[in-house]
1. Give or take rounding to whole Å, what are the principal axis extents of the alpha carbon atoms in the range A:11-56, in descending order?
2. So which residue, out of C:LEU285, C:LEU32, C:LEU167, gets the largest mean-square fluctuation from a GNM of chain C using Cα contacts under 10 Å as springs?
3. Could you give the C-alpha radius of gyration of the protein assembly as shown expressed as a fraction of 2.2 N^0.38 Å, taking N as the number of residues it contains?
4. Using the Kirkwood formula on the Cα atoms of chain A, what hydrodynamic radius do you get, in angstrom to one decimal?
5. Highest GNM mean-square fluctuation, chain C, Cα pairs closer than 10 Å: which of C:ALA76, C:ALA230, C:ALA255?
6. In the range C:73-132, how does Rg compare with the Kirkwood Rh, expressed as the Rg/Rh ratio over alpha carbon atoms?
7. Nothing charged except the Cβ atoms of Lys and Arg (+1) and of Asp and Glu (-1): what's the magnitude of the dipole of the protein assembly as shown about its Cα centre? Round to the nearest 20 debye.
8. Which percent of Cα-Cα pairs in the range A:130-230 sits in each 10 Å bin, short to long?
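Just so it is clear, none of the values below were taken in a lab; they were calculated from the coordinates. Everything numeric in this text was worked out from a predicted model, so none of it was measured. As a convention, Cβ positions derive from the backbone with ideal geometry for all residues, glycine included, and neighbour counts pool all protein chains shown.
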Amino acid sequence: MNAAVISVPADSIRAGVSRRKILDRVFVMIGLCFLFGALLILVILFLDLVRDGSAKLTWDFLTSFPSRNAGRAGILSAWVGTSLIMLVTAAVAMPVGVAAAVYLEEYAPKNWMTAVIEINVTNLAGVPSIIYGLLALGLFVYQFNLGQSIAAAGLTLALLILPIVIVATREAVRAVPREIREAAYALGATRWEVTAHHVLPYSVGGILTGMIIGLSRAIGETAPLITIGALSFIAFLPESPFSSEFPFFSFAWLSEAFTAMPIQMFNWVSRPDPAFQVNAAAAGAILLGMTLLMNGIAIYVRYRYRKKINW
Amino acid sequence: MQVTREKQDRAESSPQTVAEAPFPTEKGRSAGQIAIEMTRKVAPDEARAVKARAENLSFFYASVQALKSVSIEIRDKQVTALIGPSGCGKSTFLRCFNRMHDLTPETRYAGRVMLYPDEIDLVSRKVDPIEVRMRIGMVFQKPNPFPKSIFENVAYGLRVRGMRAKVLVEEEVEKALRGAALWDEVKDRLNSSGLSLSGGQQQRLCIARALATNPEILLFDEPTSALDPIATARIEELISELRDKVTVIIVTHNMQQAARVSDYTAFMYLGELIEFDETSQLFTNPSKKATEDYITGRYG
Amino acid sequence: MSTAATISTFRPSPTALRLRKVRDRIIESGLLVAALVAVFTTVAIVVVLVYESIPFFKAVPIKDFLTDTMWTPLFAEARYGILPLVAGTLVTTMVALAVAIPAGTIIAIYLSEFAPFKLRETIKPCLELLGAVPTVVYGYFALMMVTPFLQKFMPDLPGFNMLSAGLVIGIMIIPYVASVSEDAMRAVPNYMREGSYAMGATRFQTATRVVVPGAISGIAAAYILGISRAVGETMVVAVAAGLQPNLTWNPTESAATITAFIVQVSLGDLPHDSIGYQSIFAAGLVLMLMTLVFNIAGFALTRKFREAY
């Protein structure tokens, strides 16, 4: 008895295949649409901001204080505030982040304490930024008595970007090959000497990339700053860090009230007067431009650094 | 620019085919015959003192025992080779001498490795591994120079020991490079990167780096398995010449290399020491059947 | 080839060695302190939120907090039901997911299974840029461009509404969902794909029937982490969705999310010990718990797909 043979004529196979191949092509088109659609939105956003705010993208805008008169308002105090805050953020996040990453990669034994630290770092990356604001409000502003100051703002943002710096540094450190470390240990170097003489110098590129990306994130953060009491109408600049008399450098600016670029934009966007919307657009264009520039620099640094070290 | 220079260096020092190599090919001759043909005219120096002695040394990776009670005597300023099939524990044994296992978590030593004349137990928990590594040097299987200049590579061990005087450092670097038979090739470009050298040169650089620190024992962990035959030959010649100046322990999976280069040979299998004897004896008249089976190629 | 006649000796002194050890110990302790900052931050967050909310929960019974339908802490007749804020958060999040999940998944499948190598390498950083835009700028976008655009089709749409905010949040988290999903898909070993291709399947069939199921826990992780980000988003909703708590499931209305409420209170001037001040910590506590649950679920799933391969 012959078993029934299912024979499928070649034509119908071919028809089935071409049907499925069409599906393939359709999906490719859909995928490309979504992909470039998303990117297009970024472009539209930037262009629209520039167009809306073009009237105000002038030198005057950069050098005037905010004002009740939309025409005269500027972002001087805002971008100075942002710069000063970034100084504090970088000064805190960089050493703490790099040190923590070095500890986790080079020193930490495989025990529960290390696991706890690593879980915490991962968890902190997912905490909403406004929670950092609440933390800072309760801890820095009131408990530590730092007040609503640049120092508090800088510390808050430093904590916010700490996971970014830690992760980037860990990756950079991990990329240094084991053989280099072994050779150094075999010559009698201590763990710190191996880290400082061999591991860190070759991780600088990756660390720098992480720092730049962290700062670009910090520049755009609004919520935590609002929570700790950023003001949006500051018509004066904090005292300059540099003075003309000894000791040529002062820290008074750390305890002054502050404003920042995203705060200023938020404040203007919230006003019904359309003239202020123009200001908001201009501020937004500048802010977005800065963010894109910093990310671009970070990508470039990462690219150059990868090419330089060929193990 | 850097890339073409690299290629040039490599082309100059390693001819393309084995046929051009100055060493004869090794087909069809037993290790014993080679040992007789190429044995150095000088026999091992019986009068040499014992430099180090492993006493019932055992080693554990977590709960796995990788070394089972190995006892070997290492003679001063002689070359001792460790041979055996893959996984027999020879590299594990070697790395006990400079406490490299301390870098791996969950490892444990048992037994002792006594270093003379100071009578220090190298694997004792009371002895600082840094101190051990200050006395014992190592050359690794894959050449691993630092991405620094040739000079800084060799000088690194000295700097770690606190040597600061520039003139002194330069002297020691030159001595070490001469000792590794590399000085003539690099003396004009001490500032170029260590990575710009060919594979064989890099390995000699690593040897120079270890020699600069005047180690009491110099460990070689399969130093030529990543190199071409010409470079291998030069390194073997170098090791032969280091005899009488430095105590050497070399691990090799190449029996003929052990026969060419060493005074004493230890054969290990599955973490145990099977036989230990003068090289010429071990290869021509092994006392254990397992040794004979291995060196005649019955298993590998 | 000549070898050196002598190799001289140079040993560091014992005191020098001991000093090095001491220096190393000090440095190691310093590094450990830095690493503990992460733990300290988490602990501090929990402590601050709980400590500042305690007076609030003493004054407001939990039952009222969880079931009352109005949130008006700043009124004379204050009501403290968290439901309006939670509803606002959930509605905007769901709108965001309606955008981000399809778009993110399709983009991830395309990049992982279809895109040529060079395209992927150049596009991925650009996509990351989309996620790097400051959120206040996205808020402006939602208010000034998306809402007017939507009003062309829905003339009754109020100036502040959850729809625009949700859509923009969705766009914002597309890169995040796409990159985590893509990582999961790329972790699927090639031999599975090859087995499918060898049977005559097209790329699309392989992608949907082999790769996506194989990466499902990672893709789920991407969605959950996306939810977490959408829930925690502040500025877009503060600018575009309005600051008035409103218990509704209709996205075309304006409402406040938990985060927007905290912003609103912070913009004003509240004395340190007032219940209004404490209410933002209570709201923050709820937010923290919500995102914690999502984060834990997301990371557990991430570990699962990383270990499977």
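1. 67, 9, 5
2. C:LEU32
3. After normalising by residue count via 2.2 N^0.38 Å, the value is 1.18.
4. On the way: mean 1/r = 0.0431 Å⁻¹.
Result for chain A, one decimal place: 23.2 Å.
5. C:ALA76
6. Details: Rg = 19.7 Å, Rh = 14.8 Å.
That ratio is 1.33, to two decimals.
7. Numbers: 84 positive and 76 negative charges, 237 e Å.
Dipole of the protein assembly as shown, to the nearest 20 debye: 1140 debye.
8. Bin by bin from 0 Å, the calculated values are 16, 32, 22, 19, 11, 1.
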